[in-house]
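See below for the structure under consideration.
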Amino acid sequence: MNIHFYRRMTQVVVLIIIFLIPIFDILRYDVAAKELYIFGSVWTLGLPTDTFTDMSKHGSAAVAIRFVLKAVLPWFLILTVFPILGFLFGRFACGWFCPEGALFELTEFLTLKLIGRRNIYMKKSNDPAIKRGNPFLYGFLSILFLITVPPITGIFLTGFFIAPAVIWREVSHLQISAGLYTGIIGVTIYMCITSIFVRHIFCRYVCAAGLMQTLFGWLSPYSLRIRFDRKNFARCTNCKGCEKVCFMDVLPRLPRKDINCVNCGECIVACEKELGTDNNLFSFKFGNKE
């Protein structure tokens, strides 16, 4: 099972989709026009122009009903996506689809190559045994990453608030507006701080989408989990490979599922390397039953 490849592909595909959403007016708010675009159309409450001049009970009720149906209900449905995902799949979306998680994994890899540990503050017992790379090469790659990826990401994400056609015209003519500068600088600062200093601490304690999946996945008797085969524990060589590959600092062999597990499957890959495919002690399973 080539979990590494599939995970990277899904993360890249989701990132591309996010970048394309404002370009195709699937979802964006144009601050200049003060209009919200959803699936190519300007979103409105659909109220007649004389609605707010009608102060009768009937007119007020019509406004309230329309507001609930076209504003509150759609937003509520969007927010239910993450609890539903958590209830069915745990934090699978965090491990497989989240581009920010992929960013943290990439910066951890660069840190490993530069200083021999994941954490820039201290060495941990579960740091993977990875050979340090050429400091000049990986230093150059790290600097190149920081000066290119965050600004480019900022340009694309600003498209959620400034018309992508306007952004393209500004970038192609090198006439960057204050609004685009603000987007680029804001995203760059955020990405640099989170990717260098925060990383998966953000996933564990801050990310609202992840925490909703955590809560509902933990409560659900049906959600997807990574199981350790305790019945065949004797086959385990105690290589601790499963712990060393876990970027969420989970101890995969514990009897109970760790609430921070994102179902990435890296422990499955590590165990497969140690024991082979046929003797793998880890597997994806739905539900609480062993």
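The values are calculated or read from the model by the stated rules, or taken from the named source; none is laboratory data. Quick caveat, the model's predicted, so the values are computed rather than measured. Here Cβ is always computed from backbone atoms with ideal geometry, including for glycine, and neighbour counts include all displayed protein chains.
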- Message: Please count how many residues of segment 104-125 are of a type in the set (Phe, Trp, Tyr) and out of contact with any His (no Cβ under 6 Å at 6 or more places or on another chain).
- Response: 2
- Query: Within segment 19-59, how many residues are exposed (fewer than 14 other Cβ atoms within 10 Å of the Cβ), in a helix (DSSP H, G or I) and at pLDDT 90 or above?
  - Reply: 1
- Of the residues that sit in segment 217-231 and are surrounded by fewer than 19 Cβ atoms within 10 Å (Cβ to Cβ) and assigned to a helix (DSSP H, G or I), which one is nearest to the chain's Cα centre (by Cα)? Trp218
- Item | Residues of segment 232-242 satisfying the condition of being in contact (Cβ under 8 Å) with a residue 40 or more places away in the chain and in a helix (DSSP H, G or I) | Asn232, Phe233, Arg235, Cys242
- Item | Per-region count, segment 243-283, residues in contact with a strand residue (DSSP E or B) (Cβ under 7 Å, 6 or more places away or on another chain), surrounded by 17 or more Cβ atoms within 10 Å (Cβ to Cβ) and either outside any loop (DSSP other than H, G, I, E, B) or free of Cβ contacts under 8 Å to residues at least 12 places away in the same chain (or both) | 4
